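Structure first, then comments.
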């Protein structure tokens, strides 16, 4: 692909128009790239790698152009990481298996499966399941009675899905657990009394749910995940959680029952959020925080218990001063 | 079901006896209920929903009766959540599949399976396994050699069980891992030396183990889970942990090897407990705490490292004061 | 086995040579051992059990000899836990099933499987997979296209492996997820843009990966796990993490993308490490810490955010003093 073609695909401009016909063979990292590779610089931590790179061309923010080593061609864009993502997609278009239904799958005769589906070995598909066009159901997946999946969904090996309505272009990674009963019981001296879990999990479009993550069905009403939300591995989402659009939930977070997240909320890794809270749209919570209060929209919080980031940092500075002054 | 019938089933009393013949069609949440639905109020956070509810009847604590909107029938009980649980059970009795053994399961001829069992597709059941009456083994479960399950157990899809003795009315959620080797090795400069894991997992009666949770077999002696204990999703229970009766272990907790919990211990979400500790009966640990010491019975602890709740709160107040006074 | 034979196998010496012919029937814990059992004392917490033990013989550090109860034979070694591990291995040599390939497995004709392999029921093995001699692939495992496993590997039930090169003597526990896409996307107001994940997972020799743990494939380049490293249950290892030799990663840790660990690094349970960091060889991080900075080799860190252990402890002492002095 010529650099001009790449630039057009990724929304970047050539620093030097005379590089337009330079041919790029592959994408690579700054430190591994060779002279026909395209690399990128996004995280400033890697500026030294940029200065020493042998890449033929690099995608960078215009501000970084002065640090470019001699002879490296430059593609300029205010969003180098997004542009790299688009370049990598161009070099490595997603492949998927041809349509196929395994003779070792167990599919209920009442299930409806769309055109072009791939159903792997040892998959189970229950009564009245509806699966859209272009599905890719990997080996050993278990799709329970009445589940609906939209078009172009991918379900990873060993995933289990029950009591769920899932939109289009959703990807469940291996070992995902969707739709099991939530943790609901009334505590009683004579033994806990189970609260029947009657709701569903409703998942929008363009969503990824990471490996071994769990999303419980609603107790009453539904657990909902808004379109465009990405959930990493080993995340726990309790019953009746409502999550908006475009949220990012990093690995090993836990969100307790009935908590509501607005749109574009970001939770760093291992964050815990207590139940029955409201986290406003565009709020951000630093990794490993423990959230025990509502967070207003657009605020950044941190700590255990979590507090606004400014308060956390001011407290940390002051405590350090106090500690410095104290003589033991 | 008439309100009088419901009241009898759930241990509540009618605020107004003349409501006895009112017919309830379903249970619902306060905000979604219609005029033939039964709702409940337990968490005071939802009192506004109570005042605005369109439910036909509501289960409440007698103290909340004055806040009831006009025309709503009231069922009074000191334990509204438990009563709701019983009402929901009455409207939605647990259903289970009819007895059936899949022709696509692999069951060792020496295994003994009780009456009325349902064995799903692609299940494996090993040598000398004993499974009680009324078992419900969902698809893709793997029950290893010599495992014993009592009556009325349910094993979720993709669960694996080995080296385990399990009582009656136990439910394992999808992806549960029971009986694998614990994390046991001697550190040595020439490479770690594995310590053979020789014990079992012994699980009592009326227990639920949440999705993708892990319980390791004992190194020597057994890992034990007392009757009536509920474990949420993604919990880690190390080798030789001893857990008493009626404990509640919320999602993503980790309990390190050889630690002992008494009866009715409650661990909030994401709590970590170090190894070789004793947590007394009825102790409670707040979410996300890190426990490094023994906790006496009935105490409430919090923090990292965890300390008695009172100490934690006093410290927090004082530190806030110190920080307020400090000028930067 | 005679005590002299045991001593030779485990690198210990008899406290009293006249005990050489004493016959040991089994290994056991101090509190459960009977008079023909061999126990050990390593953790000083259990010294009381040692003084009261009914074991016939005990493996101990020479310093503990004075606390031995009357009549108990003693095996002396500076490393009692390692010696116990070797003794237990002698009494309980690892057993494995005979060579066998299930007629209910789905193995691609192009896959190469070494001598003596056991392939369980409902296993899937993809195109061009290479599996070494002595493999033990348990039921329901899914080995994706092109994966390579060395000799004497064991893959637990319901594990999924893709895009991976795995060495010899590697054990994957049940439900392990290896090689799925990492959490990589560029954030964009019009919807996140997926960054194609193009790398592999490269795993050395003599490694254990605990139940339900996840290791993502590299985005570009590989995620690598050095030989002799042990990973516990429910651990998350992000894309492009590089881990050295002999590391110990305790349960529920999370290591974010591109972070590098040297050799013999120890992370306690529930530790979180941010992305793009360097943790030096032989560094140790206390359980539940949140690491946000590089850690130099051999240092011990703790806290949230993590700091050198000495700083953490000094700070804790001083803060306690300040709090004591403050009057409310």
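The values are calculated or read from the model by the stated rules, or taken from the named source; none is laboratory data. Keep in mind that this is a model prediction, so the values were computed, not measured. Using ideal geometry, Cβ is built from the backbone for each residue, glycine included, and neighbour counts are taken over all protein chains shown.
Could you tell me which numbered condition residue A:161 fails, if it satisfies all but one of (1) away from chain C (no Cβ under 12 Å); (2) touching a residue at least 60 places away in the same chain (Cβ under 8 Å); (3) surrounded by 23 or more Cβ atoms within 10 Å (Cβ to Cβ)?
With respect to (1) away from chain C (no Cβ under 12 Å); (2) touching a residue at least 60 places away in the same chain (Cβ under 8 Å); (3) surrounded by 23 or more Cβ atoms within 10 Å (Cβ to Cβ), residue A:161 is out only on (2).
Here is a check on your reading of the model: is residue C:275 surrounded by fewer than 21 Cβ atoms within 10 Å (Cβ to Cβ), more than 14 Å from chain B (Cβ to nearest Cβ), part of a loop (DSSP other than H, G, I, E, B) and at pLDDT below 95? Reasoning before the result, please.
Values: surrounded by fewer than 21 Cβ atoms within 10 Å (Cβ to Cβ): yes; more than 14 Å from chain B (Cβ to nearest Cβ): yes; part of a loop (DSSP other than H, G, I, E, B): yes; at pLDDT below 95: no.
So residue C:275 does not fit the description; no.
Conditions (1) away from chain C (no Cβ under 13 Å); (2) part of a strand (DSSP E or B); (3) surrounded by fewer than 16 Cβ atoms within 10 Å (Cβ to Cβ), marked per residue:
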| position | (1), (2), (3) |
| --- | --- |
| B:281 | yes, no, no |
| B:288 | no, no, no |
| B:297 | yes, no, yes |
| B:314 | no, no, yes |
| B:324 | no, no, yes |
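When the residues of the stretch B:193-224 are narrowed to those that are part of a strand (DSSP E or B) and within 14 Å of chain A (Cβ to nearest Cβ), which ends up surrounded by the fewest Cβ atoms within 10 Å (Cβ to Cβ)? Quick ask: steps written out before the conclusion?
Pass one, the stretch B:193-224, residues part of a strand (DSSP E or B): B:193-194, B:201-203, B:207-209, B:214-215, B:223-224.
Cutting the leftovers down to within 14 Å of chain A (Cβ to nearest Cβ) gives us B:207-209, B:214.
Details: B:207: 24, B:208: 22, B:209: 29, B:214: 31.
Among those that are part of a strand (DSSP E or B) and within 14 Å of chain A (Cβ to nearest Cβ), it is B:208.
Identify, by number, the condition in (1) out of contact with any helix residue (DSSP H, G or I) (no Cβ under 6 Å at 6 or more places or on another chain); (2) more than 26 Å from residue A:42 (Cβ to Cβ) that residue C:326 doesn't meet.
(1)
Within the stretch C:49-70, work out how many residues are surrounded by 13 or more Cβ atoms within 10 Å (Cβ to Cβ), more than 14 Å from every other protein chain (Cβ to nearest Cβ) and part of a loop (DSSP other than H, G, I, E, B).
3
Any idea how many residues of the stretch C:237-272 are outside any strand (DSSP E or B) and either over 19 Å from residue B:190 (Cβ atoms) or more than 12 Å from chain B (Cβ to nearest Cβ) (or both)?
Residues of the stretch C:237-272 that are outside any strand (DSSP E or B), as a first pass: C:238-241, C:244-247, C:250-253, C:256-259, C:262-265, C:268-271.
Those left that are additionally either over 19 Å from residue B:190 (Cβ atoms) or more than 12 Å from chain B (Cβ to nearest Cβ) (or both): C:238-241, C:244, C:250-253, C:256-259, C:262, C:265, C:268-271.
Qualifying residue count, the stretch C:237-272: 19.
State all residues of the stretch B:78-101 that are over 15 Å from residue B:27 (Cβ atoms) and touching a strand residue (DSSP E or B) at 6+ places or on another chain (Cβ under 8 Å); if no residue qualifies, say none.
The answer is B:79, B:96, B:97, B:98, B:99, B:100, B:101.
Within the stretch B:109-118, does at least one residue satisfy the condition of being under 26 Å from the mean Cα position of the chain (by Cα), within 14 Å of chain A (Cβ to nearest Cβ) and not in a loop (DSSP other than H, G, I, E, B)?
Yes, the conditions are met somewhere in the stretch B:109-118.
For the stretch A:170-191, how many residues meet the condition of being buried (at least 20 other Cβ atoms within 10 Å of the Cβ), touching a strand residue (DSSP E or B) at 6+ places or on another chain (Cβ under 6 Å) and within 7 Å of chain B (Cβ to nearest Cβ)?
2
Can you find even one residue in the stretch B:71-79 that is crowded, with 20+ Cβ neighbours inside 10 Å, more than 10 Å from chain A (Cβ to nearest Cβ) and not in a strand (DSSP E or B)?
Yes, that holds for at least one residue.
Search the stretch C:30-48 for residues being touching a strand residue (DSSP E or B) at 6+ places or on another chain (Cβ under 9 Å) and more than 12 Å from chain B (Cβ to nearest Cβ), and hand back the single one that is nearest to residue B:185 (Cα to Cα). Walk me through it before giving the result.
Going through the stretch C:30-48, the residues touching a strand residue (DSSP E or B) at 6+ places or on another chain (Cβ under 9 Å) turn out to be C:30-34, C:36-42.
Remaining after also requiring more than 12 Å from chain B (Cβ to nearest Cβ): C:34, C:36, C:41.
Details: C:34: 24, C:36: 24, C:41: 15 Å.
In this case the residue turns out to be C:41.
Being more than 18 Å from residue B:198 (Cβ to Cβ) and within 14 Å of chain B (Cβ to nearest Cβ) is the filter here; which residues of the stretch C:3-29 pass it?
Matches in the stretch C:3-29: C:11, C:12.
I'd like the full set of residues that are within 14 Å of chain C (Cβ to nearest Cβ) and either buried (at least 19 other Cβ atoms within 10 Å of the Cβ) or touching a strand residue (DSSP E or B) at 6+ places or on another chain (Cβ under 8 Å) (or both), limited to the stretch B:131-151. Can you show your working first?
Step one: filter the stretch B:131-151 for residues within 14 Å of chain C (Cβ to nearest Cβ), giving B:137-147.
Hits for the stretch B:131-151 are B:137, B:138, B:139, B:140, B:141, B:142, B:143, B:144, B:147.
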